[in-house]
Each structure stands twice: as structure tokens, then as C-alpha cells.
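The values are calculated or read from the model by the stated rules, or taken from the named source; none is laboratory data. Note that the structure is a prediction, hence the values are computed from the model and not measured. Here the Cβ positions follow ideal geometry from the backbone for every residue, glycine too, while neighbour counts run over all protein chains shown. Keep in mind that these areas ignore ligands, DNA and RNA; they rest on the heavy atoms of the full protein, side chains included. Shrake-Rupley method; radii C 1.70, N 1.55, O 1.52, S 1.80 Å.
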Amino acid sequence: MVTKDIYQMTTISLWTRFSLLAGLCVLLSACCCPEGSHPVDFSSEGESADDGEKSKKSKKSKKSKDSKKSKKSKKSKKSKKSKKDFFAPGQARSAMKSIRKELGEPLYATEMVFYPTYAKFEFEDPKKPGNVDEYWFRNGELQSPSPVRMSSKDRKKLPKVRFDVTELALDKIPAMIEKAREEMGIEDGKVTHIIVDRFTFNRKKVSFRVYMSSERDSGGYMVANQDGSFVEVVK
């Protein structure tokens, strides 16, 4: 009987405590949340924060991908430019046309050297005759000039040394390369460069010299006139 009474008293006491606690919670809720407001849903706030973080990560990832694509695109454009082949049909003439447009007319050169993907030129300044500048042509662009130092004797000889670039058969460079392969007969021979100037051993006529060599052969060069016609082979 005593045990039963103790059990009932304990049950009542616990129930009373629970009721008081519930009432306290209601009071706190009423105090903290003014009329018309709603309790904060912490679970949704957490989800919102997570969504925000995910959104930020997504934007960063997108920016990173766009940046990589942009860099690849720029590299691709540069790569395409750098692959310009001066020994291919029309390339040398096309480059010279853009150079003449940039520097002006008449355009005279004292020396021109073509490599497969770039070139070096020495031009007399059309605006200041008597001054010669060295230019490099790379990636489809003419770079800033460097002055060529000349003596008074060199300046006097300049009219006899220079030549008009418009009189060169630049469009025949591919044919001259084929002729050099045929005449020189070098196994696996490759053209390293082509020089255009007034060649001493061709009666100081404006000439092309097509240089060719291979891993097994030191090679030599083929001489052609400014119109592209064959003169001789020197090995």
C-alpha cells in the first residue's frame, strides 16, 4: 500500500513539473516572438546557408571553367598565329603586303631573311631616307625596329645595295624550295632559311639563297634570281 502511494505521488510530481515547464515555454515564446511574427525555423536557415554556400561554390566553379576556356582560346589563337609558315604559298607575299601598308611606300630593303615561322628584315625608313632599321616579324606582327649602325661610306653605298621589295617573286618561294630539293639531292633535306640580298657572287644582283641541310648532310644553298629562276647550287 505504501509503495502504491509513493508511486502515485512521484507520478503526480513529475506531471506537475512537466506542466510547469510547458507553461514556461509558452511564456518565453510569447515574450520573444511579438504578435504577428513567427518563430525562427533554424532548420530552414541552415538549409538556406547551405544553399548559399553551394551557390557560391557553383559560381566559383563556373568562373574557373570560363577562365580556363578563355586561356585555352587565347593560347589557341596564339598557337595559330605562331604556326604561320613563310615557306607556304602566299605567306611571304601576304606578310610583305601588310608591312608595306604599315611602314609606307616606297619600301626598300638591304637584306631579308625568311625562316619557317618568323622573319628578319632590314628596311630603309621611307620617311627618313638614309636610315636603315632592323625588324623582326613574329606571330603575324611586325615588332618594334632597332636602328642599324652605318658609316658614312655605307650610306653612300646604300642606293646601290638596297632593292625594291615589290620586285621580288615572293610567291615563287615554294617552287624555289622544290627546285632546291631537286638540285641538291639531300636525303631528308630541310630548308632552314632563305636570304634575299644583292649577292656578291651573282654579280651583285638581287638574289634568293635557299639553305638546306639534314641530320646526315651539312648541305649548302641554291641561288635563284629575284624572279625565282634557278642560277646554281653551292655545296
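Quick look at the values:
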| quantity | calculated |
| --- | --- |
| Pair list, Cβ < 6 Å and 6+ apart or interchain, from the stretch 113-130 residues that are farther than 19 Å from ARG93 by Cα to residues that are open to solvent by 20 Å² or more (accessible area, probe 1.4 Å) and basic (Lys, Arg) | GLY130/ARG155 |
| Where THR192 falls short, out of the listed (1) without any contact (Cβ under 8 Å) to a residue 24 or more places away in the chain; (2) open to solvent by less than 80 Å² (accessible area, probe 1.4 Å) | (1) |
| Complete set of residues in the stretch 195-214 that are assigned to a loop (DSSP other than H, G, I, E, B) and either modelled with pLDDT of 95 or more or surrounded by 15 or more Cβ atoms within 10 Å (Cβ to Cβ) (or both) | SER214 |
| Tally, over the stretch 123-156, of residues that are surrounded by 14 or more Cβ atoms within 10 Å (Cβ to Cβ) and of a type in the set (Lys, Arg) | 1 |
| Residue in the stretch 162-170 that is open to solvent by 60 Å² or more (accessible area, probe 1.4 Å) and in a loop (DSSP other than H, G, I, E, B) present | yes |
| Subset of the stretch 102-122 that is surrounded by 18 or more Cβ atoms within 10 Å (Cβ to Cβ) and touching a Pro at 6+ places or on another chain (Cβ under 9 Å) - its residue that is farthest from THR192 (Cα to Cα) | LEU103 |
| Criterion: more than 20 Å from GLY90 (Cα to Cα) and assigned to a strand (DSSP E or B) - qualifying residue of VAL223, VAL191 | VAL223 |
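Okay, residues lined up against (1) touching an Asp or Glu at 6+ places or on another chain (Cβ under 9 Å); (2) closer than 18 Å to VAL210 by Cβ; (3) not acidic (Asp, Glu):
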| position | (1), (2), (3) |
| --- | --- |
| PRO159 | no, no, yes |
| ARG162 | yes, no, yes |
| THR166 | yes, no, yes |
| ALA175 | no, yes, yes |
| ARG181 | no, yes, yes |
| GLY189 | yes, yes, yes |
